[in-house]
Amino acid sequence: MVRLNTSLILFFLLAGMAYAQLPSHIKGSYKLIWEDNFNYTDKHLDKNWESQNGPSGHILCSRWRENAVVKSGVLHLENRKENRAGQEWTSGSIWTKKRFKYGYFECRYKYAGAEATNNSFWLMTKGGGQPTKGKRFEIDINEGHYPNEVNTNIHNWSDITTTKDGKRKHPSSHKGFAYGTKSGYSIQLEIPVNTKKIRFQSTNNGRFHMGEFRVYGLNNGNYPDVLSITADRDIPNLKNLAAAENVIITSSGSYKNTNSEKNLIDGNPNSRWSTQDEAQKWVEFEWHNEITVGCIQFLNGWQSANGDWHDLIKDYKIQYLDDGEWKDISVLNVKDSYDFANEFHTYGLLWNEEEIVFYFDGEEIRREKNEFCHSETPIWLSLAIIKWAGPVKDSIDGTSMKVDYVKYYQKNKS
């Protein structure tokens, strides 16, 4: 009878799971050259990593070695509410002493569990001088925003220009991904409802933007594409009941009290209701006579010039009034299934002379031509507090970006 070592089996299973995150073409063509699994005491971190120790002018926190803490095989970059170097918050940012060029880079980590945090794994040519070859650049493999956003960036720091108003600009390319959310929702009801009131509400922490809100009657499942800019005219004789003359619209408020709720029914997807900053957000539609609801559509967020959608809501609830009781039609909370602070994910980059390819959990999410990234660079791990990723609140205090490992693979020589 053969007695199996269960501990050893578990070790190989876990190792296989970690390796399985690698894209399939990387597994066979690349070999592991360097890694840090943080399986050591905290003081050992300084052997392979350097740390920022000072203020940060472009973000809301100074960053220090004391905020980069290794414990139980995990690197914690910690947010603390403490006034240091003239800033009200502190956090951590480190980079490798070793420099790298071309290959596959991967990091497995959890986000800090609060909005307004920037959880980053990136490459950047260090220092203000020109690298030995090519341009100064930055590749953000992920600037993650809680709870579900992945942001990729490529920056050219050599070709800086100054605008007429004195602002310095540089060429850059951004593409973001918000998992579990989308810009347009079309909710067809399996069982139609009759009501005089419909309301939309969200506990989204920060202010958000909502475009068109549409309520349709029964139409045999034939409704316009939710993102269509001509939705109100796409299907003859189908009317948006939310835009009827007798509708009363009330809300929790609007940004700077501009009464922008009217933009929800003006037929222009590019005009928006911009909510107030704090507290629960809601908008309610009331009809004089009972209507039959077969489909509800709404748009949210705003679209940048490159087509990316930003500031998508992370939770909502749509309800109808039935005999004095509010009942759910549709509910979303991305934290239930896309909370990147509760679960580890891997973020990868394939970088060679020709291309820059981004990965999330082993799946390709973006591919770009490599036009200027041709110099060695350290690997960076950073946590920051930024106002453009959500409201800055005391609940950020004590949160941390938790890093399981960082790995670098190099292509096999043929």
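Those residues that are closer than 28 Å to Ser172 by Cα and in a strand (DSSP E or B), I need them from the range 314-356; list them, please.
Selection gives His345, Thr346, Tyr347, Gly348, Leu349, Leu350, Trp351, Glu355, Ile356.
At least 2 residues that are touching a residue at least 12 places away in the same chain (Cβ under 8 Å), open to solvent by less than 40 Å² (accessible area, probe 1.4 Å) and of a type in the set (A, V, I, L, M) in each: list the strands (runs of 3 or more DSSP E) lying fully within the range 58-165 that qualify.
In the range 58-165, the matching strands (runs of 3 or more DSSP E) lie at 68-71, 74-78, 117-124, 137-144, 149-156.
Search the range 30-47 for residues being touching a residue at least 40 places away in the same chain (Cβ under 8 Å) and either assigned to a loop (DSSP other than H, G, I, E, B) or among the aromatic types (Phe, Trp, Tyr) (or both), and hand back the single one that is most open to solvent (accessible area, probe 1.4 Å).
Checking each candidate, the answer is Asn37.
Of all residues in the range 245-275, which are closer than 22 Å to Glu290 by Cα, open to solvent by 40 Å² or more (accessible area, probe 1.4 Å) and out of contact with any Leu (no Cβ under 8 Å at 6 or more places or on another chain)?
Result: Glu245, Asn246, Ile248, Thr250, Lys262, Ile265.
Answer yes or no: is there a residue in the range 285-302 that is of a type in the set (Ser, Thr, Tyr), open to solvent by 50 Å² or more (accessible area, probe 1.4 Å) and touching a Leu at 6+ places or on another chain (Cβ under 8 Å).
There is at least one residue in the range 285-302 that is of a type in the set (Ser, Thr, Tyr), open to solvent by 50 Å² or more (accessible area, probe 1.4 Å) and touching a Leu at 6+ places or on another chain (Cβ under 8 Å).
Residue by residue through the range 372-399, note down the ones that are in a loop (DSSP other than H, G, I, E, B) and in contact with a strand residue (DSSP E or B) (Cβ under 8 Å, 6 or more places away or on another chain).
Phe372, Cys373, Ser375, Glu376, Pro378, Ile386, Gly390, Val392, Asp397, Gly398, Thr399
Please go through the range 223-237 and pick out each residue that is over 33 Å from the mean Cα position of the chain (by Cα) and either assigned to a loop (DSSP other than H, G, I, E, B) or hydrophobic (A, V, I, L, M, F, W, C) (or both).
Those that are over 33 Å from the mean Cα position of the chain (by Cα) and either assigned to a loop (DSSP other than H, G, I, E, B) or hydrophobic (A, V, I, L, M, F, W, C) (or both): Ile235, Pro236, Asn237.
The values are calculated or read from the model by the stated rules, or taken from the named source; none is laboratory data. Please read these numbers as outputs of a predicted model, since none were measured by experiment. Note that each Cβ is placed from the backbone with ideal geometry, even for glycine, and that neighbours are counted across all protein chains shown. Heavy atoms of the whole protein, side chains included, go into the accessibility calculation; ligands, DNA and RNA do not. Shrake-Rupley method; radii C 1.70, N 1.55, O 1.52, S 1.80 Å.
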